[in-house]
Amino acid sequence: MGQGTPSPILTPALCRAARGMLDWTQSDLAEHSQVSRSTIRDYEGARHELHRPTAAQLLHALEEGGVIFIEVEGVGIALAERR
């Protein structure tokens, strides 16, 4: 469906993985990010891309929750949990 501009960091798989690290449901992420659960569901299911402001809201919420996104040269983006 090609809506929006892809986030340079957040992918659907990383979004799911980050939620898993925090033990958050899609509803939890929706509450923390002020993004609708249906938008998160559709993004994680690769049904559409996110607009940059929406991706920023999700990234901010996940980072505030304790996830750290680390760019690893030659590998891509890795996740770590802030302790």
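The values are calculated or read from the model by the stated rules, or taken from the named source; none is laboratory data. Computed from a predicted model, the values in this text were never measured in an experiment. No Cβ is skipped: glycine too gets one built from the backbone with ideal geometry, and neighbour counts run over all protein chains shown.
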Matching residues in region 30-53 (closer than 16 Å to ARG19 by Cα and outside any loop (DSSP other than H, G, I, E, B)) number 12
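Could you please find all residues in region 68-83 being β-branched (Val, Ile, Thr) and either at pLDDT 90 or above or closer than 14 Å to LEU10 by Cβ (or both)?
Within region 68-83, ILE68, ILE70, ILE77 qualify.
If we keep just the residues of region 39-67 that are more than 14 Å from CYS15 (Cβ to Cβ) and out of contact with any Leu (no Cβ under 7 Å at 6 or more places or on another chain), which is surrounded by the fewest Cβ atoms within 10 Å (Cβ to Cβ)?
Taking the candidates together, the pick is PRO53.
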Going through region 23-38 one residue at a time, which ones are crowded, with 16+ Cβ neighbours inside 10 Å and either under 11 Å from the mean Cα position of the chain (by Cα) or over 22 Å from ALA80 (Cα atoms) (or both)?
GLN26, LEU29, ALA30, SER33, VAL35
Look at region 54-71 and say how many of its residues are in contact with a Ser or Thr (Cβ under 7 Å, 6 or more places away or on another chain) and in a loop (DSSP other than H, G, I, E, B).
0
Condition met for SER7 (under 12 Å from the mean Cα position of the chain (by Cα) and modelled with pLDDT under 95)
yes
